[in-house]
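One structure is given here, and the rest of the page talks about it.
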Amino acid sequence: MVEKDDLENRAEITAQVKRISQRLREEREKLRISQMDLSFKAGLSQNQVNYIETGKRTPNLYTFLSICNALHISPAVVFEPEDTERQQARETTFAGGTGKIENFSNGFVFQSRAVPESGQLY
């Protein structure tokens, strides 16, 4: 039996994959190149690029890096929040020490923890 938490996790992962696909498409469109041009530069088929951009397929790491290379972007660009989303970040305190949680409207959450005064890591 599938637990409720498992379904929520799957839904969140699916949503993140969709956002990544959209970001790849946006980066391609910024360069004003077609899916065919991108597929040639990345060594993929045009159908494969289309399936990835529409979220019908999830690229493996090699394919993802090939696309980023063909777009002349760092893979980190795909995960970076937009400037307006950075402004929406908020400070918070959580158990075990203080830290920063940044929530962005695109659904990505970045979390960091401060090192306690004792110098011990968590």
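The values are calculated or read from the model by the stated rules, or taken from the named source; none is laboratory data. As the structure is a prediction and not an experimental result, all values here were calculated from the model. Cβ coordinates were reconstructed from backbone atoms using ideal geometry, including for glycine residues, and neighbour counts include every protein chain displayed.
Values computed for the structure shown
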quantity: Residue list for the range 22-65, filter: assigned to a helix (DSSP H, G or I), free of Cβ contacts under 8 Å to residues at least 40 places away in the same chain and farther than 26 Å from Arg10 by Cα; calculated: Glu29, Lys30, Gln35, Met36, Asp37, Leu38, Ser39, Phe40, Lys41, Ala42, Gln46
quantity: Residue that is modelled with the highest pLDDT, among those in the range 85-103 that are part of a helix (DSSP H, G or I) and within 20 Å of Ala15 (Cα to Cα); calculated: Glu85
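Yes/no per residue for (1) surrounded by 14 or more Cβ atoms within 10 Å (Cβ to Cβ); (2) at pLDDT 90 or above:
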position: Asn9; (1), (2): no, no
position: Gln22; (1), (2): yes, yes
position: Ile33; (1), (2): yes, yes
position: Gly43; (1), (2): no, yes
position: Thr54; (1), (2): no, yes
position: Asn69; (1), (2): yes, yes
position: Ile73; (1), (2): yes, yes
position: Phe79; (1), (2): yes, no
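Yes or no, residue by residue, for (1) among the hydroxyl-bearing types (Ser, Thr, Tyr); (2) exposed (fewer than 12 other Cβ atoms within 10 Å of the Cβ); (3) at pLDDT 95 or above:
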position	(1), (2), (3)
Val2	no, yes, no
Leu38	no, no, yes
Tyr51	yes, no, yes
Pro59	no, no, no
